[in-house]
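The values are calculated or read from the model by the stated rules, or taken from the named source; none is laboratory data. If you're wondering where the values come from, they're calculated on a predicted model, not measured in any experiment. Neighbour counts run over all protein chains shown; Cβ positions are idealised from the backbone, glycine included.
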Amino acid sequence: MLKGANLFDTLPQGLSLVPKSIEVSDTNGMIDHSTADQVNITLPDIKQGEQVEVKFKATVNSTKPGGIVNSAIVNNITKSDGKSHEDVVSNLTTLNVSDVDAFISVPSLIDFGNVNLGGINRTLFNISTKGELIVSHPTTKDFSVAVSLDDMKDKENNSLIPIDSSGLLFLKQRQKSADEDGSWQPVSSEGTALQTGWFSGNQVNLNLTDYIGVNNWKLRMRSDNKSGLYKGILTWSMTDSISA
């Protein structure tokens, strides 16, 4: 019988443990000490001839193509006679990551502050943007980045009413560069591109935060909106050019 053994696996860069995803075929006596980047569990006692299977899930965070190599170690093993057993190292496992187009980071909040409508139609510009917009597009095709909004509602499920049919939320859209003045375009449910021109392919960790910072968004609200805290969800998307 083997007692008190620990299974220890420090996940390599590019992988993170999915919370509560560890499965052990015999959980009697198992203790989980795991963190986001480390599998660390005390295994149940293992009788002679028995096998204990451990499974866990990991999220691939790496956007660079290539292999991610991983292995685990079982240590602190005590045999039934009280003597220590040498550490056991698993075989190496290689996860091959292909080219991945992905959003590395998106802003968590576009804040327009507070306003008293006072019976007047109002236009608000965002006072802050929390977080960055970073994309990875290692494949060769040119691409666009777009954002969409379905609705903005308060806790009573009241929708924020725009001044007119032109739209509620607007983004300052550029042509080729964030340094341009840009023109205001409504953010629709179908999606509005950050710029009319394509971004070049073969980009890793491309920071587009300058496109969505302070004063790059505006809200046009009608005077008869009800008071409240209104929130909406932005959806980000990437689209490849159809040209080679």
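A compact table of results
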read-out	value
Among residues of the range 207-236, those that are crowded, with 17+ Cβ neighbours inside 10 Å, among the hydroxyl-bearing types (Ser, Thr, Tyr) and over 22 Å from Ser165 (Cα atoms), counted	1
Residue among Val204, Val135 that alone is under 20 Å from the mean Cα position of the chain (by Cα) and buried (at least 17 other Cβ atoms within 10 Å of the Cβ)	Val135
Test: Ser237 is among the hydroxyl-bearing types (Ser, Thr, Tyr) and touching a strand residue (DSSP E or B) at 6+ places or on another chain (Cβ under 8 Å)	yes
Residue match in the range 140-147 (condition: surrounded by fewer than 16 Cβ atoms within 10 Å (Cβ to Cβ) and either within 24 Å of the chain's Cα centre (by Cα) or without any contact (Cβ under 8 Å) to a residue 24 or more places away in the chain (or both))	yes
Qualifying position, being modelled with pLDDT under 95 and within 21 Å of Ser105 (Cα to Cα), among Thr139, Thr192	Thr139
Test: Asp150 is in the same structural domain as Gly119 (by TED's automatic domain parsing), closer than 12 Å to Gly232 by Cα, of a type outside the set (Val, Ile, Thr) and exposed (fewer than 15 other Cβ atoms within 10 Å of the Cβ)	yes
Enumeration of residues in the range 153-175 that are more than 26 Å from the chain's Cα centre (by Cα) and not in a strand (DSSP E or B)	Glu156, Asn157, Asn158, Leu160, Ile161, Ile163, Asp164, Ser165, Ser166, Gly167, Leu168, Gln175
One residue from Lys176, Lys231 being of a type in the set (Lys, Arg) and out of contact with any Ser or Thr (no Cβ under 9 Å at 6 or more places or on another chain)	Lys231
Looking only at the range 50-66, and only at residues there that are farther than 23 Å from Ile104 by Cα and surrounded by 14 or more Cβ atoms within 10 Å (Cβ to Cβ), the one that is modelled with the lowest pLDDT	Val52
Verdict on Gln175 being more than 16 Å from Leu133 (Cα to Cα) and at pLDDT 95 or above	yes
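So that you can scan it fast, the table gives a plain yes or no per residue for (1) loosely packed, with under 15 Cβ neighbours inside 10 Å; (2) modelled with pLDDT of 85 or more; (3) in contact with a strand residue (DSSP E or B) (Cβ under 7 Å, 6 or more places away or on another chain):
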| residue | (1), (2), (3) |
| --- | --- |
| Ser21 | yes, yes, no |
| Asp26 | no, no, no |
| Asp32 | yes, yes, yes |
| Thr35 | yes, yes, no |
| Gln38 | yes, yes, yes |
| Gln48 | yes, no, no |
| Ile68 | no, no, yes |
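To keep it simple, each residue is scored yes or no on (1) in a loop (DSSP other than H, G, I, E, B); (2) touching a residue at least 60 places away in the same chain (Cβ under 8 Å); (3) among the aromatic types (Phe, Trp, Tyr); (4) outside the structural domain of Pro107 (by TED's automatic domain parsing).
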| residue | (1), (2), (3), (4) |
| --- | --- |
| Ser188 | yes, no, no, no |
| Gly201 | yes, yes, no, no |
| Leu206 | no, yes, no, no |
| Asn215 | yes, yes, no, no |
| Leu219 | no, yes, no, no |
| Asn225 | yes, yes, no, no |
| Leu229 | yes, yes, no, no |
| Ile233 | no, yes, no, no |
